[in-house]
1. Of everything in the stretch A:31-83 that's part of a loop (DSSP other than H, G, I, E, B) and open to solvent by less than 30 Å² (accessible area, probe 1.4 Å), which residue is modelled with the lowest pLDDT?
2. Determine which single condition A:Ile143 fails, assuming it passes every other condition in (1) at pLDDT 90 or above; (2) out of contact with any helix residue (DSSP H, G or I) (no Cβ under 7 Å at 6 or more places or on another chain); (3) under 29 Å from A:Ala67 (Cα atoms); (4) of a type outside the set (Phe, Trp, Tyr).
3. Picking from B:Ile183, B:Ile157, which residue would you name as being of a type in the set (A, V, I, L, M), in contact with a strand residue (DSSP E or B) (Cβ under 8 Å, 6 or more places away or on another chain) and crowded, with 21+ Cβ neighbours inside 10 Å?
4. Taking the stretch A:345-362, which residues are modelled with pLDDT of 90 or more and within 19 Å of the chain's Cα centre (by Cα)?
5. Given the conditions (1) basic (Lys, Arg); (2) more than 14 Å from every other protein chain (Cβ to nearest Cβ); (3) out of contact with any strand residue (DSSP E or B) (no Cβ under 6 Å at 6 or more places or on another chain), report the number of the one that B:Arg170 does not fulfil.
6. Scanning the stretch A:189-204 for residues that are closer than 16 Å to A:Glu55 by Cβ and touching a Gly at 6+ places or on another chain (Cβ under 9 Å), which turns out surrounded by the most Cβ atoms within 10 Å (Cβ to Cβ)?
7. Six or more apart or on different chains, Cβ atoms under 9 Å: show the pairs whose first residue is in the stretch A:33-54 and within 24 Å of A:Arg165 (Cα to Cα) and not assigned by TED's automatic domain parsing to the domain that holds A:Lys197 and whose second is assigned to a helix (DSSP H, G or I) and polar (S, T, N, Q).
8. With the requirement that a residue be polar (S, T, N, Q) and more than 9 Å from chain B (Cβ to nearest Cβ), what does the stretch A:466-523 give you?
Amino acid sequence: MTETQAAAAGTRKRQTAESMAGRQREISISEFFSKNRHLLGFDNPQKALLTAVKEAVDNSLDACEEAGFLPSIRITIRHVEDERFRVSVEDNGPGIVKAQIPKIFGKLLYGSKFHILKQSRGQQGIGISAAGMYGLLTTGKPIVITSRTGAGKPAHYYEIQIDTRKNTPQIITDRIVDWESPHGTRVEIELVGTYKKGRHSVEDYVRQTAIANPHCEIFYTPPDADEPLHLVRGSDLLPPEPREIKPHPYGVELGVLIRMMKETSARQLGAALQKDFSRVSAKVAAEICKAAGLRPSANPRTLQGPETERLYKAINSVKIMSPATNCLSPIGEEQVLAGLRKEIDADFFTAVTRTPAVYRGNPFQVEVGLAYGGRLAGDELVDLLRFANRVPLQYQQSACAITRAVLAIDWRGYGLTQSKGALPTGPLVLFVHMASVWVPFTSESKESVAAYPEILRELRLALQECGRKLAAHIRAHRRAAEEEKKKSYIEKYIPHIGIALREILALSENEEQEVVTTLVDILERSRSRER
Amino acid sequence: MAKEPATGKKPASASNKQVLKAIASSAEDIRRKILARKKPTMKLPVRSLANVRYQPERGFFEMKGRKKERTLTVNTVKTFAQTLRMVALSKDLVENDDIATKREAYYVSKNWAEARFTEQPESDTVMDDVEAFFGVNREQLGFIPEEKGGDVAGRLIVIDRDRDTGQALRIDCTRFGSGAYSIPISVEDLEFETDADFILVIETAGMFQRLVKHNYWKKANCVLVSMGGVPTRACRRFIRRLADFKKIPVYVFVDGDPYGITNIYRTLKVGSGNAAHLNEFFCVPQATFLGITPQDIVDYKLPTHPLKEVDIKRARDAIKNDPFIKHYRPWIKAMEQMLKMGVRAEQQALAKHGLNYVIEEYLPQKLRHPERFLP
């Protein structure tokens, strides 16, 4: 650099490619998320506390169900000092093998769920380690795990912190402890948070989880209580185990296709398509190859970029059977009703589970339940509870396909009041569940479902079906109220006809009574005839 | 000034005994039906403009005879009970030769527990129903209105009776100075002495005050009557009896707007749709319309206000549905002219040409050609 150039650039020191290269290095995924924690649901202290609980409970429920245990979960939030809280979530699940514990809790994107397509609460394997990382970042305290896999096995106690640079776990403590539980896992995280009641609260989350998971019992101890709140089990039936499926060709994006072709164990393209995807027969595989102008015998691992792109386009031009939908595990109408009944004090309950459908090659299923009347407030907007794979969605309501579907329906036709563009008003809790092998969330923090037309359609049909049942109930209810009103009308005003006639005609009390009883009788009869 | 007996048919003046009999027999009727296990009914004339016809030779809105039958059902039980209790109250009043104002009757209903009225219009409606049901004037049922009858000044002596002695009282309406004689609620037994040439009936108290203050009645040799809005039954009956008695014309001077024409003037002349069974007596068929006409607005270059939404609706409604307006071509034309101009003018608008312009110019000019008055 010459003097003049340096002068032109002012006093600022210029960088060279070499000096810049010195600072360029790989950014670990953990490092990325520690700087972008809002992507994972840790954007503010209140939400951080909720997300930590939620991630731990999701894992516990998934583990219990997979191992066939009826879940019993203990959630405890303790106030440590100032803004510090200690969250503890304990389950009666199968426990975790000792060697796996550090990786599961101390490494982002480590999990069993990302690589397969199967309906489960967790998807990416980010959640719980991110919660632990958030705790570490805000309090410096490691995540504490206690886990035991069976009565005859020892209980392992770990204190782990994540090395954000390397995305690897650092074990602080590793020892065997005495633990009263025969099997299960306890996760403890200390973090900076805000404890609040009401909307978006942990308590709301716990209640909604209890509704969507009636087979689960929860003991919840908030920071301001000594005794746990016991949310009892509403059913002893474990949901059927969801089945794992291979991806359907329609649902695969180009990037994923490239990776799958690189990683396939098949030697030939035709075989790879048949083996790694669902619903691809030899005939379909041949059709795809032909449409792409590729030989079925080509080596899939050596496909060039443009070739894979042709393959990608070819897939979408060939007619392929929809994926099998028996891999889904909906809550079921009975269980939705059981969940609503045990947590909500209302008069009328109904639920609908739609038959499975497919969006972009991914099977999904929609369920809607509702609770109406009783002690619910009649002059407020309806309470919309959204769920994806049994997990309550508490934030970003307006961005969610479920909300869009609810808003698109004219609820006035079903006996509720509704302002333009708003949720309906009435004593109603609306429960909407979307189950899928891959729920299309709009962001990593899993708060709202993306609006695919197929999903919106299923939501609409399910909501309408429940709406019709609700309307029938409301009509019957109004008729009964009308009847009651008429009856009281008769009782109220006929005596006045008696009084007037007595005054005009100077009737005796008996004569007056005779008129009144006869008249009541005449009107009661005509009323029952009118029905 | 000759003293002559009041002419004109009197309202069917049922004696107290007859009223009591009618009440008792209708109640007995209802009781009999109930005991025979039938739903009792009451037949009431439909009280609306749609149930009246106008024939100029008869001179007033006559009921077309359409009746509604109110059957006692679950839905009507409240009104039915209230109507019967109102009848019972009336019986009590007549029996004891007492009276109750509409407002008082409303307050009496507060003793009726669930059958009480919440607002006076409700009790007024029921009272009107009872009146129409028995086909008599409500005064005969013991109910009297609150409203003032109207004010009178000018060349007239009213002969009333002293309440205690029954002696004739001669009330000289020229001797009230700047005040006026107030028309009583019952005018049936009044007698008159007058040599006036006509009766000038005025809508507003303000205009009346001006004419009285300047002794206009002396100059024009007339009787002045102030209606203060839509004329009460007593006011209409008073003007009718006086006009019949002396065979003198009645000229009406109101605001030039749809309300002045279709509500005030029309009600004075032919009665209302609401109490059609009584219009025969409470109307002034000989009345004609002096002003303010829509043409006056043009001729006298009067300051105006734009017609309000409700004025336009009222005018259109009158052209379409009012049997009186519909009967007279000149009235339809006048209403259409007003709608076209889109403006209205008040009596007081004449003050634009000077405060006493109305006395010195407008009325004398108008009165020179009574044959040009609107019917």
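1. So the residue we want is A:Gly41.
2. (2)
3. The conditions single out B:Ile183.
4. Of everything in the stretch A:345-362, those that are modelled with pLDDT of 90 or more and within 19 Å of the chain's Cα centre (by Cα) turn out to be A:Ala351, A:Val352, A:Thr353, A:Arg354.
5. (3)
6. A:Ile189
7. Going by the 9 Å Cβ cut-off, there are no qualifying pairs.
8. A:Ser488, A:Ser508, A:Asn510, A:Gln513, A:Thr517
The values are calculated or read from the model by the stated rules, or taken from the named source; none is laboratory data. Please read all numbers here as calculations on a predicted model, not as lab measurements. FYI the Cβ positions are ideal-geometry reconstructions off the backbone, even for glycines, and counts take in every protein chain you see. We work out accessible area using only protein heavy atoms, side chains counted, and drop any ligands, DNA or RNA first. Shrake-Rupley method; radii C 1.70, N 1.55, O 1.52, S 1.80 Å.
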